[in-house]
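Just so it is clear, none of the values below were taken in a lab; they were calculated from the coordinates. Bear in mind the structure is a predicted one, so any value in this text is a computation, not a measurement. Heads up, the Cβs are rebuilt from the backbone with ideal geometry, glycines too, and the neighbour counts pull from every protein chain shown.
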Amino acid sequence: MLRSRIVGTGFAVPERVVTNDDFAKIMDTTDEWIRTRTGIQQRHWVTEGETGADLALAASRKALEMAGIAPRELDAIVYATSTPDHYAPGNGVFLQRLLGVQPIPAMDIHQACSGFIYSLSVADAWIRVGLFRRILVVGAEVQSTAMDVSTKGRNTAVIFADGAGAVVLAPSEREDQGLLAVDLHSDGAHAEMLWVDVPGCMYHPRISKEHIDAGRHFLSMDGKEVFRHAVTRMPESVRAVLGRVGATPADLSLLLPHQANLRISEMVQRELGLRDDQVYNNIQQYGNTTAATIPILLDECVRSGRVKAGDLLVMTAFGAGFSWGSVACRW
Ligand code: COA
């Protein structure tokens, strides 16, 4: 059976660093509160003029370079983002234009924090059925422009951040190597617990001064409910995807959990009975970059040698929708 495998990884974040103390100067918060509740020490935010597509381009170039593949050799782009540069079209086409490639398909997946997992599953299926061979899969977000940086928005502004990660997926020559199994779920019952209300096509007009005055264009979140669901759903999904390949948490070389909050990752780790060396986190440096967290984690692990040939890896995510899922892969 044909499988897909990751042959290149890369990531990019904006140069601008925003520290916890920077927030303490503009809202009622402290470095101590942010570190103890979220684990975050700093994050990267874009400056005006810097776009999500720019970040995606920088990450993609690194992934393509590692893969030894020229942009013109790509067959398709799958771009996970919940924060496209414009309302329409999606960001995949802007990345395609920046890469200067032929009119290959470029598709956006609007699945927030689990967007990269969903995108991997789509690209994997395209490769398995023989439709495309070389696919660029990107997770990229600019969340900072949806943040209310007054005290009213302090439960989200300190968490969400900007960044991009990319992988190149290609057919695997070996059946025991590459993406092994996928587990995907969603539950719209909780859609309003983590969302951006406007602009919305149900409103006439889609965004008004009243909406903006009420702050309905900012990302809003019921943090406690998100936390409660995340710490249940991620371990459930990790066990499910491992079960599909006949493995248990003890067999895992490395878990790459979506970086929502360090306390969530620690609870997921405890729930699965994993040792510290079986889990990698980097939210301390980057905050929650939504669809970009997993490819950023992966690239750091690949480049530092933390992922080795033959390792069993699981990537798992939970976020807006709610939607969640996992991918198991043999490196
Ligand atoms: N600084 C200081 N105080 C803050 C704050 C901040 N940045 N953000 C919130 N608070 C305050 C709240 O206003 C509240 O004050 P009150 O008791 O006077 O009303 C208090 O801290 C406790 O708020 P609560 O929401 O109950 O805190 P919490 O312990 O649940 O932590 C989160 C808040 C957001 C850190 C936490 O709920 C969380 O991480 N949830 C998951 C978020 C997440 O992962 N989102 C991404 C999903 S993909």
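A crude spin-label estimate for the pair Arg228 and Met1, with each label 7 Å from Cα along the Cβ direction, gives 3.8 nm. Computed from backbone phi, the HN-Hα couplings of the range 311-322 come to 5, 9, 10, 10, 10, 9, 9, 8, x, 3, x, 5 Hz, rounded to whole numbers (Karplus: 6.51 cos²θ - 1.76 cosθ + 1.60, θ = phi - 60°; Gly and Pro given as x). Name the residue, out of Ala191, Ala80, Ala230, whose mean-square fluctuation peaks in a Gaussian network model built on the chain with Cα pairs under 10 Å. The residue that fluctuates most here is Ala191. Taken one residue at a time, the phi angles of the range 186-201 give Karplus couplings (6.51, -1.76, 1.60, θ = phi - 60°) of 8, 8, x, 4, 10, 4, 7, 7, 8, 7, 10, 5, 10, x, x, 5 Hz. Gly and Pro are set to x.
Considering the range 280-331 at the alpha-carbon level, its Rg and Dmax are found to be 11.9, 35 Å. In the range 166-213 the Cα-Cα distances spread across 5 Å bins starting at 0 as 5, 13, 12, 13, 10, 9, 10, 11, 8, 6, 4, 1 percent of all pairs. Within the same chain, aspartates and glutamates fewer than 8 places from Lys25 are excluded, and of the rest, those with a Cα less than 18 Å from its Cα are Asp148. Working ranking of peptides 287-298, 6-17 by packing, defined as the average number of other Cβ atoms within 10 Å per residue, highest first, is 287-298, 6-17. Candidate cross-link partners of Lys308 among the aspartates and glutamates, defined by an alpha-carbon separation under 15 Å and a same-chain spacing of 8 or more, comprise Asp176, Asp251, Asp277, Asp299, Glu300. For Lys224, the lysines whose Cα comes closer than 18 Å to its Cα, not counting residues fewer than 8 places off in the same chain, are Lys152. Close amide H pairs (under 5 Å, H built 1.01 Å from N) link Phe132 with Ile127, residues at least 5 positions away or on another chain. Phi-derived couplings, Karplus 6.51 cos²θ - 1.76 cosθ + 1.60 at θ = phi - 60°, listed residue by residue for the range 125-137: 5, 4, 6, 4, 7, x, 6, 9, 10, 10, 10, 8, 10 Hz, with x used for Gly and Pro. Relative to a virtual label point 7 Å from the Cα of Arg270 in the Cα→beta-carbon direction, which members of the range 24-45 show backbone nitrogen distances below 16 Å? Output list for this probe position: 36-39. Amide hydrogen proximity for Val279: with H placed 1.01 Å from N in the peptide plane, the residues at 5 or more positions away or on another chain lying under 5 Å are Leu255.
Calculated translational diffusion coefficient of the range 108-226 (20 °C, 1.002 mPa s; Stokes-Einstein with Kirkwood radius over alpha-carbon pairs) equals 126 µm²/s.
Extension gain for Val17-Arg206 works out to 64.8 nm (0.36 nm per residue, less the C-alpha to C-alpha distance).
Roughly what % of DSSP beta bridges within the chain run antiparallel, to the nearest 5? If we restrict to bridges inside the chain, about 70 percent are antiparallel.
For the chain, the Cβ-based charge dipole about the Cα centre amounts to some 560 debye (Lys, Arg positive; Asp, Glu negative; other atoms uncharged). Taking the three principal axes of the alpha carbon atoms in the chain, the coordinate ranges are 56, 47, 36 Å, sorted in descending order.
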